[in-house]
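Right, one structure below, let's go through it.
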């Protein structure tokens, strides 16, 4: 009887050869080659600098952000060469010394061609184990477009759609800044402007004509104040000029400048009132005093007694508002 033959049993060595996973690369960030390839291909800029701000290394994305052709070109520069505000380098280093890392630190940089970009920088402080010398590892993301969109949206939210003036949201922001800063912000002043008999005119001639008056009044105010003196439409026919850093004399000067300019170019008659900060009062308290002044000026003016001497040419502004709005804007 033939003996049944059994297949040859594999040896333990051949079995392990079949079951062992093949030797693989690029499947772990612990692998130096994998990590180098990852850094090389990453869209975000990665850099290494020393305490003096010299660039020790950077990936292609970082070079592209700054419009540099090679690492050799980068090696001849310092971090401060690209900062719009070089003093911010010291601020970042102080934070790193205190915390060891800083995340999403937004800074404005200047390329070699003069164009600007805003980068969100996350940096880690690493010390050489032998010398203890600091080395900074960082990754930057370009947020220039996002910041521009943010500023545009913020401007839209803070602007009055009809007149282009700032609105109450902007006033609330100023109040928040002054309340947080307290007396450190020093002085401020404000000038209230109120169009005379606007409601009556609006009822008689319609909202479209009323909107035209508001737009022309806004243009008049913005033409006769400085860029750092924001004009705010409070609502209806009331406007406010906020003068951060102004004392009583400057606030009064701005008010009188508007008064005297009105004789030549204001589209309609208006009343105004002003106040400057006294002591440690809040912005809201200053605004309340200016508002009380406005009310008293309004009553006195409409009663026929001007609150202070006006130039002779101001008399022509006693014409009815319906006549005033038909005049052409001054060229």
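The values are calculated or read from the model by the stated rules, or taken from the named source; none is laboratory data. Everything numeric in this text was worked out from a predicted model, so none of it was measured. Note: ideal-geometry Cβ built from the backbone for every residue, glycine included; neighbour counts use all protein chains shown.
Just the residues that are modelled with pLDDT of 85 or more and surrounded by fewer than 18 Cβ atoms within 10 Å (Cβ to Cβ), please, taken from region 245-260.
Residues satisfying the conditions are 245, 247, 248, 249, 250, 252, 253, 256, 257.
If you check 138, 114, 164, which single one turns out to be more than 30 Å from residue 218 (Cα to Cα) and in a loop (DSSP other than H, G, I, E, B)?
Testing whether each residue is more than 30 Å from residue 218 (Cα to Cα) and in a loop (DSSP other than H, G, I, E, B) leaves just 114.
Determine whether residue 74 is part of a helix (DSSP H, G or I), farther than 20 Å from residue 124 by Cβ and touching a helix residue (DSSP H, G or I) at 6+ places or on another chain (Cβ under 7 Å).
Criteria not met by residue 74.
It is to be established whether one or more residues within region 142-153 are in the same structural domain as residue 102 (by TED's automatic domain parsing) and not in a helix (DSSP H, G or I).
Yes - at least one qualifying residue is present in region 142-153.
For region 28-59, which residues satisfy the criterion of being within 24 Å of residue 143 (Cα to Cα) and out of contact with any strand residue (DSSP E or B) (no Cβ under 9 Å at 6 or more places or on another chain)?
Passing the criteria: 38, 40, 41.
Going by the structure shown, is residue 131 surrounded by fewer than 11 Cβ atoms within 10 Å (Cβ to Cβ), more than 15 Å from residue 46 (Cα to Cα) and more than 23 Å from the chain's Cα centre (by Cα)?
yes
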